[in-house]
Each structure stands twice: as C-alpha cells, then as structure tokens.
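What follows is one structure encoded as structure tokens, with my remarks underneath.
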Amino acid sequence: MVKSGKNSIAFSYKMGNSFIHKMPALVKLFLIPSLNILVFNLGYQFALAFIVFQLILSLFLRFTFKEIFNDLKPVIYYSIFLYTSSFIAHLFTSSPREAFDKTFANSETIKMLLKLFCMMQSASILFKTSTSLQIREGIGKIESFIRKILHLQSKNSFSNTLSLFICFIPMVYKNWEQAKKAWYARSGKNNIRMLSTLLPVFFSISIKQAYSLSKAINAREVK
C-alpha cells in the first residue's frame, strides 16, 4: 500500500503564514503571468536564474522536495517523451551514437524546456499559496475592473468559467492520486491494467465534479 499525504498531491494548497500566502490572489494573478511573459521574451539566462530563485522561494515556503517534484512532473515527463521520440526518429537514419548527438544538438529545445519548467514553478507557487476561492475572487475582481473601464454590464460571466478551468487543475491531480491510492490499497500494481481500470473512473469522477461545481456557482448567482 502506498500512502499519499494531502500535501503530496500536485498543485494542492498548502497552509502557511508567509508573505506569499498573505499576498492577495489578485496581485499574484497579475504578477505571475507578467513574469512568465518576461521569461518567454528574454534570454534563457533569465529563465535559468528565475528557476533558481523560485526553487529557493519554494524551500523558504517550506515546500518539500517531494511536493516540488510532484508539481514539476508534467514538464519532466514531457522532456523525457520529447527527447526519446527524437532519438528514435534519428535512429532510423543514423547510428545510435549519431542519433544521440543529433537529439541533444538542438539548444533551442533545451531553452524552451527551461522556460516551460520556469512557468510550471510559478503555477506551483500560485496554487500552493492560494485557495480555489481566493483565485476565483481574484479573477472576479479583475473582470469587474475591466467591465467598469469598458462600461459593460456589471455581472461577471467570463471569470466564473476561467476560475473553474484554473481551479480544476489541482482537482484533476487530486482525483488521480485518490484513484491510485484506492488501487494500491487493493494490492494493485503500477502497470497497464491500472491505467485501463482507473482512467474511465478518473474521467467520470472529474466530469461529475466539474458539473457539480458549475451547478453550485450558477445557484449562488441566481440567489
């Protein structure tokens, strides 16, 4: 049986009393995308320095290495898939040694992955220091401000959809971890059978939760 603590679930909120936790979600929702725009427009050196800064910040916020790794796994898996598929493709026309050299010869791929890694770190800090409610309220305030400037109707319509989409990310990871925990508790093994059994259940639960959340938000708006 594999135990999985709540805080080990990717992108799950972690209680804290740091200045980042106390920072309004509205500020983080402005700050993080702005920094990520800089990451993509400046050189890879900025992304590399920002990765180190965010790692130090994460440790200061008392995120464990396991929690940090869990949040960054999507980019790590994507990197492995990208280089593996590239190596196999080159292997059809070159020797193993040449295929290896060609796979890692393109520096632009590494630079792109560094920037994606940096963005995933930023998302991790946002989700781990802000609750779903705080994120939703922050997005709502942004839309209300924009509607006021453009003299549109005051009722928010876009923010609910966007906040549901953003907050659904940690929920997806939570559902998957709970499904795996139940599988391991029944002496299941990490293999193809686990995926074929859990994926239909995982999608069913996620869709049901998304529908329930949408109904709950619509009910509050009617009131």
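The values are calculated or read from the model by the stated rules, or taken from the named source; none is laboratory data. Quick caveat: nothing in here was measured; it's all calculated off a predicted structure. Glycine also receives a Cβ, built like all others from the backbone with ideal geometry; neighbour counts cover every protein chain displayed. Surface areas here come from the heavy atoms of the whole protein model, side chains and all, with no ligands, DNA or RNA. Shrake-Rupley method; radii C 1.70, N 1.55, O 1.52, S 1.80 Å.
A few points about this structure:
- Index of the failed condition, Y77 passing every other in (1) surrounded by 11 or more Cβ atoms within 10 Å (Cβ to Cβ); (2) within 15 Å of the chain's Cα centre (by Cα); (3) part of a helix (DSSP H, G or I): (1)
- Residue among F100, F117 that alone is part of a helix (DSSP H, G or I), at pLDDT below 85, of a type outside the set (S, T, Y) and surrounded by 15 or more Cβ atoms within 10 Å (Cβ to Cβ): F100
- Just one of the listed residues (L72, L57, L35, L26) is modelled with pLDDT of 85 or more, open to solvent by 40 Å² or more (accessible area, probe 1.4 Å) and in a helix (DSSP H, G or I), and it is L35.
- When the stretch 103-114 is filtered for residues that are surrounded by 18 or more Cβ atoms within 10 Å (Cβ to Cβ) and either closer than 16 Å to H21 by Cα or in contact (Cβ under 8 Å) with a residue 60 or more places away in the chain (or both), only L114 remains.
- Counted residues, the stretch 120-147 - those being under 21 Å from P74 (Cα atoms), touching a Leu at 6+ places or on another chain (Cβ under 9 Å) and not polar (S, T, N, Q): 4
- Residue match in the stretch 2-10 (condition: without any contact (Cβ under 8 Å) to a residue 60 or more places away in the chain, in contact with a Ser or Thr (Cβ under 7 Å, 6 or more places away or on another chain), under 30 Å from A185 (Cβ atoms) and open to solvent by 70 Å² or more (accessible area, probe 1.4 Å)): yes
- The condition of being at pLDDT below 85 and farther than 27 Å from K141 by Cβ does not hold for I51.
- Qualifying positions in the stretch 126-138 - open to solvent by less than 10 Å² (accessible area, probe 1.4 Å) and aliphatic (A, V, I, L, M): I135
- Within the stretch 38-48, restricting attention to residues that are open to solvent by 60 Å² or more (accessible area, probe 1.4 Å) and assigned to a helix (DSSP H, G or I), the residue that is farthest from M119 (Cα to Cα) is Q45.
- Count of the stretch 80-97 residues which are farther than 30 Å from I125 by Cα and surrounded by 12 or more Cβ atoms within 10 Å (Cβ to Cβ): 6
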